[in-house]
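Right, one structure below, let's go through it.
The values are calculated or read from the model by the stated rules, or taken from the named source; none is laboratory data. Model, not experiment: these values are computed from the prediction. Quick reminder, even Gly has a Cβ in these numbers, built from the backbone with ideal geometry, and neighbours come from all protein chains shown. In case anyone asks, the SASA skips ligands and DNA or RNA and just uses the protein heavy atoms, side chains included. Shrake-Rupley method; radii C 1.70, N 1.55, O 1.52, S 1.80 Å.
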Amino acid sequence: MYRFLLTPRWWGINLFVVLAIPFCVFMGTWQLGRFEDRVQSHEQAEKQPDPSTRAAKPLDELLPVDKVTSGRPAMATGTYGDQFLVPGRELDDRQGFYVLNLLRTEGGKALPVVRGWLPGTASGAQVPAAPQGVVTVTGDLQASENIHSDGVDARGGLPEGQLGMISAAALVNLVDYDVYDAWVTLPEAEAGGTGGAMKPVPAAAPAGSGLDLKAFQNLGYTGEWFVFAGFVLFMWFRLVRREAEAVRDVALGLVPEAGPADGPEGGEAGPEGGEAGPEGGEAGPEDSRPGAGPEGAGASQGEAAAQDLAGRTPETAQGS
């Protein structure tokens, strides 16, 4: 009954099923692993002390920024240089902007330092000037932003002196010196500015270390891949069952096998040679005599009239 599974058509179906199910299971397992990694990193982050409470270290000892060093206090010494305003940043449910200065270190590289946040719009805003001379700053270390970071404006076209994304890739086009691929935010407020004292910008948690929306997306994708695997298996069993039932019905004679002479275009004559099929067929022996059908009936009537006319005498014909 199941010999149809060895036909070329079913070979293709079976190959697809054999490849699709392991692939779906693999992708679902991988997505589940991503979700478990995020849960584990979130639990580890909760067990560790607040990074800002740990002892400050020199900047170079904490680079590159990762999940462990993100948020750690970093120290750097240098002089403040170029200043930029970072618009479209929200703090305490209010719109405002960051005040960012580049700290030129002794090594020649510049470290972006977010000195604080001010409410309002960055265009035309008056901000407090940065301290003069050599300074040592201690701020919470942060990784460079990207287009997926909150508040980033990657559209470009900002006025001069404004910055849409805090990253070395964005600053390298605005200054002619090297910039660290990191930045720090000062934990203490600085006085000044038309909007009052600048508020410190709290350090953000490192990407991928919490149970954010992406973590639950991984969990959702896990369920989808496992559902796909079950659907492929279900459809294969359904097709096999339907095909087996069709083969069984043919074997039991419940469904006649289609032959070349069968079909709506013709039919076989009955045992008495009776009626032909819709499109034609052979006439039976009783209908094969002359005069059968409309044309045969007309010819017989003509012959009878001719014989009747020939049998009349001239007198009879004249009298009539």
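Note on exposure: 167, 123 ranked by accessible area (1.4 Å probe, complete protein assembly) read 123, 167, with the most exposed listed first.
Distances between placed amide hydrogens fall under 5 Å for residue 75 paired with 57, 59, all partners being 5 or more residues away or on another chain.
Scattering from the range 1-158 was approximated by placing one identical point on each alpha carbon and applying the Debye formula without solvent; log10 I(q)/I(0) at 0.12 1/Å stands at -0.73.
How much of the pair distance distribution for the range 51-142 lies past 23 Å, counting alpha-carbon pairs only, in percent? Taking all Cα-Cα pairs of the range 51-142, the fraction more than 23 Å apart is 32 percent.
Computed FRET efficiency, Cβ-Cβ of residue 126 and residue 60, R0 35 Å: what is it to the nearest 0.05?
On the way: r = 35 Å, r/R0 = 1.00.
With a Förster radius of 35 Å, E is 0.50.
With a sphere of radius 15 Å drawn around the Cβ of residue 63, what net charge do the other residues whose Cβ falls strictly inside it have (Lys, Arg +1; Asp, Glu -1)? Charge balance in the 15 Å sphere: -2.
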